[in-house]
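Computed from the coordinates by the stated procedures, all read-outs in this text should not be read as laboratory data. None of the values given here were measured: they were computed from a predicted structure. Neighbour counts run over all protein chains shown; Cβ positions are idealised from the backbone, glycine included.
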DNA sequence: TACTTGCTTGGAGTGCACTCAAGGGTTTTA
DNA sequence: TAAAACCCTTGAGTGCACTCCAAGCAAGTA
């Protein structure tokens, strides 16, 4: 019931607890976004202080780190929420989680291919402009 | 589908002209999007038939192909419009166009790096789940 | 005590890139 | 000639991922 007296002190039982602004500083996610993540079920419910303020744990930070990786893949928030639900539901959802991640992996690979393609076009075009700039005139 | 020939008396006989639904079929862009592209200045003004309907040329299709590549890079519509403006303004904007493309290239490379990173995490996680599925239990 | 800072909530607002609707004209086909 | 198919415009609506607002509580500081 009554733990952690002063706000941002370190350990009381080897358990560090972070305020929302500390998590904002560490993750780069805004406080708005952190609250929103919790609201939509993308975070397990975060522990609270006696006055109702959020106290994040290192485990929460790890989860946010992983979520950040999923975001980086371009996965939709809806899919990330789905994944979070599966994790909460327990071990019997492992197969579905793997499938979700494998689908995402296929999409990431496709996206990398697309970007690599577009990059080649960009390279070509930039070379063209470089020629134009160096010599007086070029084509197109 | 065959009305594009009947209109070609106004221009040279070798000039193919496409209706908006032909362009939709060829590019995969919806008619809505094609009109919208023109409205916001992402297309040079498309030629019209005597009754005001759009008649796209092969040059327009080429431009749309290039725009598609820019889209694939993740470039914003605002930046693509800027690029289109520069092209319309003529040869003296070549330097700025090159800079815009080079900035985009840097962003694409960064994005590919990010995706490659996230892909490694995905690979690791999927391997974890594969182990769990095959053997009885694993970790996290 | 008064002020400042930080946090809470639900709900509204924003920016992006489309996407659709309404109402009307034109062209092709039966 | 009439129906069906196609196209036009302006303006409103959609979905996503945040982002901000208002009103209020709580804790630390002068």
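Listed from fewest to most Cβ neighbours within 10 Å, the set A:66, B:56 follows the order A:66, B:56.
Per residue of peptide B:114-124, the mean number of Cβ atoms on other chains within 10 Å of the residue Cβ is 6.
Per-residue mean of foreign Cβ neighbours for A:75-85 is 0 (Cβ atoms of other chains, 10 Å radius). Annotation for residue B:36 and residue B:76: the two label points, set 7 Å from Cα along the Cα-Cβ direction, are 1.7 nm apart. Each helix, a run of at least 4 DSSP H residues, gives -39500 (n - 2.57); summed and divided by the residues of chain A, these come to -20500 deg cm²/dmol at 222 nm. Take every Cα pair under 8 Å whose residues are at least 6 apart in sequence, average their separation, divide by the length of chain A, and the relative contact order is 16 percent. For region B:52-95, the residues whose backbone nitrogen is under 13 Å from a point 7 Å from the Cα of residue B:15, taken along Cα to Cβ, are B:55-60. For region A:22-81, the relative contact order is 29 percent, taking Cα pairs closer than 8 Å that sit 6 or more residues apart in sequence and dividing their mean separation by the residue count.
Kirkwood radius, chain B, all distinct C-alpha pairs, inverse of mean reciprocal distance: 18.6 Å.
Relative to the other identical copies, residue B:15 shows label-point distances of 7.7 nm, where the label point lies 7 Å from Cα along the Cβ direction and values run shortest first. Starting from the label point of residue A:107 at 7 Å along Cα→Cβ, the same points in the other copies fall at 2.1 nm, in ascending order. Each copy carries a label point for residue A:120 at 7 Å from Cα toward Cβ; from one copy, the others' points are 2.6 nm away, ordered from shortest. Is the protein assembly as shown best put as rounded, prolate or oblate by its Cα gyration tensor, with a ≥ b ≥ c the root eigenvalues, rounded for a/c under 1.5, and otherwise prolate when a/b is larger than b/c, oblate when not? Taking the square roots of the gyration eigenvalues as a ≥ b ≥ c, the protein assembly as shown is prolate.
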